[in-house]
Amino acid sequence: MSNAAASHRQHADHTTPLVRNAWYVAALSHEIERNLLPRTLLETRVVFFRKKDGSISALHDRCPHRSFPLSKSQLQDDTIVCGYHGITYDGTGRCLHVPSAPNAGGNIKIRNFAVVERAPLVWIWMGDAEQADPALIPDFSFLSAPTWKTVSGSFHMHSNYVAMHENLLDQTHFTFLHAGSVGTPEWATSPLEVSQNGDTVSLRRELKKSLPPGIYAVPMKLEGRMVDRLSEASFFGPAGHLALAKITVSEPIANEREEFRVNILHVFTPETQNTLHYWWFNSRDFGLDDEEASKFLYEASHAAYVEDVDALGWISDIVTTESEDYREFSFRSDRPGLMMRQVLSRLAAQEQAPATAVAAV
Ligand code: FES
């Protein structure tokens with residue numbers, strides 16, 4: 001076994017099976033209305049629709065008769081009538097009517113998926129239905145709290161989710177990839193603390209008395225002022241990453257605001273092994289009515305994330321087309337990423353274990 005292959009067993013990479021037993025974001029609330037929304041998640045086609053009572057149905061987007069996509073069918077009241085031969089299914093996937101065989105259909109059932117809406121996010125569980133505990137969904141209620149102002153956006157990415165998590169856990173890339181927005185020369189060398197609690201991997205970086213990057217200086221109106229920066233960021237599971245930033249004016253003037261907070265949530269769900277649905281949210285506790293600040297933060301965040309999307313796409317092109325026989329170098333700043341990769345490797349192995357045992361019988 002090559003060193004690379006051995007490493008892959010310990011640290012997840014783009015070849016590691018996707019973890020299915022987790023809550024992932026499927027869509028934003030406003031995307032699911034009284035129509036049929038198709039979306040591929042974890043290599044499975046899903047069709048969503050909102051029922052008349054406001055709840056959401058999520059079904060395998062594949063009619064079990066001849067594999068016609070239900071998303072290309074008709075939504076009638078709270079049922080889907082397949083567009084090929086007219087079989088009707090209810091919101092749980094149960095077959096209600098087979099036009100060509102009115103007495104058949106009783107045993108036909110389409111797989112449905114557990115869905116929980118915590119606006120603006122709609123979460124889905126694609127794994128073992130018995131393990132779908134809504135209590136495991138993280139609390140991101142700040143997204144809709146009146147004390148926070150949020151700007152947000154989304155991307156479709158060409159990347160495996162492991163690389164996206166690593167990107168977010170190694171903030172030294174801010175200085176180079178995002179030199180024009182969130183990066184400053186000092187940030188790459190700021191002291192790093194790393195911790196792990198269960199499957200959550202966290203980092204903490206703190207930098208005293210430095211000039212803030214433009215993405216903070218402009219909306220906080222702190223251009224040219226020295227600030228203390230604190231970033232506490234966590235891999236909270238396969239579905240994403242939350243970064244909590246605190247900016248404090250190093251030498252405040254009387255009666256001015258001294259402290260500013262920004263929560264940056266990244267949620268992403270594998271579409272396939274090497275493509276992602278990605279949603280980002282930038283929430284701030286200052287300038288809630290400042291439209292200029294909102295516009296600036298949206299545009300600056302979007303521009304920075306385009307740099308990540310491009311970089312991870314280029315990396316994906318290399319790792320998915322070149323030989324696996326390469327040696328990966330890591331440094332201290334990679335420690336949170338390597339810890340996360342161990343978590344994903346273990347979770348994936350746990351899910352693969354039963355299938356392996358059955359195959360061996
Ligand atoms: Fe759906 Fe035939 S494929 S009814």
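A few comments on the model shown:
- The lysine pair count for the chain, using Cα distances under 19 Å and pairs eight or more places apart or on different chains, is 12.
- If you run the Gaussian network model on the chain, springs between alpha carbon atoms under 10 Å, then out of His14, His30, His173 the most flexible one is His30.
- For Ser159, the residues whose amide H sits under 5 Å from its own are Thr275, Leu276, ignoring neighbours fewer than 5 places away on the same chain, with H placed 1.01 Å from N.
- Here the Karplus curve 6.51 cos²θ - 1.76 cosθ + 1.60, taken at θ = phi - 60°, turns the phi angles of segment 41-49 into couplings of 10, 6, 6, 10, 7, 10, 10, 10, 7 Hz, with x standing for Gly and Pro.
- Extending 7 Å from Cα along the Cβ direction at Val306 and again at Glu232 yields two label points whose distance is 3.4 nm.
- Relative contact order of segment 1-104, taken over Cα pairs closer than 8 Å and 6 or more residues apart, is 14 percent.
- Cβ charges +1 (Lys, Arg) and -1 (Asp, Glu), total dipole of the chain, debye: 820 debye
- Leading residue at positive end of dipole, the chain (Cβ point charges), from His178, Phe113, Ile137: Phe113
- Residues whose amide H comes within less than 5 Å of that of Phe236, counting only those at least five positions distant or on another chain, are His241, Leu242 (H built at 1.01 Å from N in the peptide plane).
- Of the GluC sites (Glu not before Pro) found in segment 235-271, those that fall in a DSSP loop while having at most 11 other beta-carbon atoms within 10 Å are Glu256.
- Per-residue ³J(HN,Hα) for segment 55-64, Karplus 6.51 cos²θ - 1.76 cosθ + 1.60, θ = phi - 60°, Hz, x for Gly and Pro: 6, 10, 9, 9, 10, 4, 7, 7, 5, x
- Mean-position separation - Cα centroids, segment 81-133 and segment 322-347, in angstrom: 38 Å
- Placed amide H near Ile108: partners under 5 Å, 5+ positions off or other chain: Cys95
- The chain - mean residue ellipticity at 222 nm from DSSP helices (-39,500 (n - 2.57) per run, n ≥ 4, rounded to 500): -7500 deg cm²/dmol
- Signed unit charges on C-beta, dipole axis of segment 1-133, positive-most listed residue Gly54, Thr44, His11: Thr44
- Cα centroids of segment 52-69 and segment 210-252: 43 Å apart.
- Among Ala119, Ala239, Ala22, the residue with the largest mean-square fluctuation in a Gaussian network model of the chain, with springs joining Cα atoms closer than 10 Å, is Ala119.
- Segment 337-351 - phi-based ³J(HN,Hα) in whole Hz, Karplus 6.51/-1.76/1.60, Gly and Pro as x: x, 5, 5, 4, 5, 5, 4, 5, 5, 5, 4, 5, 5, 4, 6
Read-outs: derived from the displayed coordinates by stated rules, not from any lab. Here the structure is a predicted model, which means the values were calculated and not measured. In this analysis, Cβ positions are derived from the backbone assuming ideal geometry, glycine residues included, and neighbour counts consider all displayed protein chains.
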